[in-house]
Amino acid sequence: MKLVRYLRDGAERTGAVVDGHVLDLGDTPLVELLADDTRQGDVRAQIQRADAAALPPLDPAALRAPVVPGKILCLGYNYRGHVPDGVDPTADDPDFPDVFVKTPNTLAGPADPVVVPAVATDVDYEGELAVVIGRRAHRVPLEDALDHVAGYSILDDVSDRAWQRRQSQWALGKCFDGFAPLGPHLVTPDEVGDAADLLVEVIRDGEVTVSQSTATTIFPVAYVIHYLSQVMTLQPGDVISTGTPQKLPAAQAAHRPLEAGDAVTVRIARIGELTTTFTAPPEASA
């Protein structure tokens, strides 16, 4: 199933995408719906019976982030070939994931433009597969980890490299308001299939700047859930963003910070596309 949160008559609703149209499922949050097997079965039956032609078209401008996570946990350098400056990209894999957080103020919906702050001088994008937790996970065995996944989405881990480089901790460079666009929908695991076999691409200015399969991740989804749950309890709606591949050589050589008017599209096979537009701060626009 491909599920969304969207605005209808000023209120947030849950919907299922049916051939480009939206089947309204009420106001129950997505993770609550997916945690209930009976209700989930009812939704599947509704989708099967639905006539797309009789449904309203999906309005991308009405979409909201599919979940509001209590925690956004992110991985650094989780794709082979993507390493810190000065590190040999052919070196051995790290022993443990490199984990950081994005704070709640960073969450943005798929239709929300991201403001380029006046103090941010080197804003960059990172297209990532996002895992949405569907049931409480505490000290989860590796073999059971995927049972805790509600679905998958796309996250653009927007970052300001200048602020990120100011200190050993990345928080300030990662946590400007709106620096975590999420969406446009949540896709259930049965429709995604093997999350370790998805092509991740990023398109900027009409050019593919990133293209690499999740098959090249160092720490797969199941291990990451298992690992994180040893430390903290993962709750329904929490998001784990699984890292970005290295940019292609031409894109690296032509690096240009994001600025107002730019747009970046993250495309992940069997998940969809998330396009983020960037805008100037309101005072600059005024």
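The values are calculated or read from the model by the stated rules, or taken from the named source; none is laboratory data. The shown structure was predicted, so the numbers you read here are calculated from the model rather than taken from an experiment. Here the Cβ positions follow ideal geometry from the backbone for every residue, glycine too, while neighbour counts run over all protein chains shown.
Identify the residue in the stretch 195-225 that is of a type in the set (Asp, Glu) and under 17 Å from the mean Cα position of the chain (by Cα) and, among all such residues, is nearest to VAL123 (Cα to Cα). The selected residue is GLU201.
Here GLY272, GLY261 are screened, and the one residue that is on the phi > 0 side of the Ramachandran plot and either in the same structural domain as ASP19 (by TED's automatic domain parsing) or over 21 Å from the mean Cα position of the chain (by Cα) (or both) is GLY261. Taking the criterion of being of a type in the set (A, V, I, L, M, F, W, C), in the same structural domain as GLY261 (by TED's automatic domain parsing) and either within 27 Å of ASP92 (Cβ to Cβ) or assigned to a loop (DSSP other than H, G, I, E, B) (or both), would at least one residue in the stretch 158-171 satisfy it? Yes: one or more hits. Among the residues of the stretch 237-258, none qualifies, meaning not one is surrounded by fewer than 18 Cβ atoms within 10 Å (Cβ to Cβ), within 15 Å of the chain's Cα centre (by Cα) and farther than 21 Å from ASP177 by Cα.
Among the residues of the stretch 162-174, those that are in contact with a strand residue (DSSP E or B) (Cβ under 6 Å, 6 or more places away or on another chain) and either of a type in the set (Gly, Ala, Ser) or at pLDDT 95 or above (or both) comprise GLY173, LYS174. Only a single item in (1) closer than 14 Å to THR103 by Cα; (2) surrounded by 14 or more Cβ atoms within 10 Å (Cβ to Cβ); (3) of a type outside the set (Ser, Thr, Tyr) is not met by VAL192, and it is number (1).
A search for C-beta distances below 8 Å between a residue of the stretch 202-219 that is touching a residue at least 24 places away in the same chain (Cβ under 8 Å) and within 20 Å of CYS74 (Cβ to Cβ) and any residue that is among the charged types (D, E, K, R) and in a strand (DSSP E or B), counting only pairs 6+ apart in sequence or on different chains, returns VAL202/ARG267; VAL210/GLU201.
Contact annotation: residue pairs with Cβ atoms under 8 Å, 6 or more positions apart or on different chains, pairing a residue in the stretch 5-21 that is assigned by TED's automatic domain parsing to the domain that holds VAL31 and within 12 Å of LEU55 (Cβ to Cβ) with a partner that is surrounded by 13 or more Cβ atoms within 10 Å (Cβ to Cβ) and among the basic types (Lys, Arg), are GLY15/ARG5; ALA16/LYS2; VAL17/LYS2.
Taking every residue in the stretch 30-55 that is farther than 19 Å from ASP147 by Cα and pairing it with any residue that is among the β-branched types (Val, Ile, Thr), at least 6 positions away or on another chain, the pairs with Cβ-Cβ distances below 8 Å are ILE47/VAL18; ALA50/VAL18; ALA52/VAL18; LEU55/VAL18; LEU55/VAL22.
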